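Here, each number is a calculation from the coordinates, and none is a lab measurement. Keep in mind that what you see is a predicted model, and the values were worked out from it rather than measured. When we count neighbours, we look across all protein chains shown, and the Cβ atoms used for this are built from the backbone with ideal geometry, even at glycine.
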Amino acid sequence: MAYNYDDQNIFAKILRGEIPNNTVLETEHSLAFRDIAPQAPDHVLVIPKGAYVCFDHFALEASDAEIVDFTRAVGEVAKQLGVQPGESGAGYRLLSNAGDDGVQEVPHLHVHLVAGRPLGRMIQPAR
């Protein structure tokens, strides 16, 4: 499978500093920032700095260092937001869309970490 990365997508522009963002965390290989149209009180996007279109592209082609950094960045964002599940009953949803059927709007891998209120069911059962 050939992945066609568009280096003019909004996240590539954010990574180049052409578009400002509200940074939550920046690491060597990842950037986390607040969503401009939040769906919950806490809505943070975590993206790798590399040119990856979707999660499978990243999983198959990223270096071990990129994968570890990205995974740890997601954990650190949950920690910083104070939404790690535990006795408090807090929690979060982690979501990544891929391709047309997944309704991916930006062709750069990103995960949405959404929290701060009960989120309900993610997908309704098929009828």
Output ³J(HN,Hα) for the range 25-41: one whole-Hz value per residue in order, computed from phi by the Karplus curve 6.51 cos²θ - 1.76 cosθ + 1.60 with θ = phi - 60°, and x for Gly and Pro. 7, 10, 10, 4, 10, 9, 9, 10, 8, 6, 5, 6, 10, x, 9, 7, x
The answer for the per residue Cα convex hull volume of the chain, in Å³, is 128
Note the angle between two axes, namely the Cα long axis of helix 64-81 and the longest principal axis of the Cα atoms of the chain, as a number of degrees from 0 to 90, rounded to the nearest 10. 30
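Mind ranking 70-77, 104-111 by how tightly packed they are, going by the mean number of other C-beta atoms within 10 angstrom, highest first? Please report the intermediate quantities before stating the final value.
Working: 70-77: 18.1, 104-111: 20.0.
Going by the mean number of other Cβ atoms within 10 Å, highest first, we get 104-111, 70-77.
Please report, in debye to the nearest 20, how large the charge dipole of the chain is about its Cα centre when each Lys and Arg carries +1 at its beta carbon and each Asp and Glu carries -1 there.
Numbers: 10 positive and 17 negative charges, 116 e Å.
In total the dipole reaches around 560 debye.
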List the residues whose amide H sits under 5 Å from the amide H of Lys49, counting only those 5 or more places along or on another chain, with H placed 1.01 Å from N in the peptide plane. Ser30, Leu31
Mind pulling up the Rg/Rh value for the range 15-78? Radius of gyration and Kirkwood radius, both on Cα. 0.97
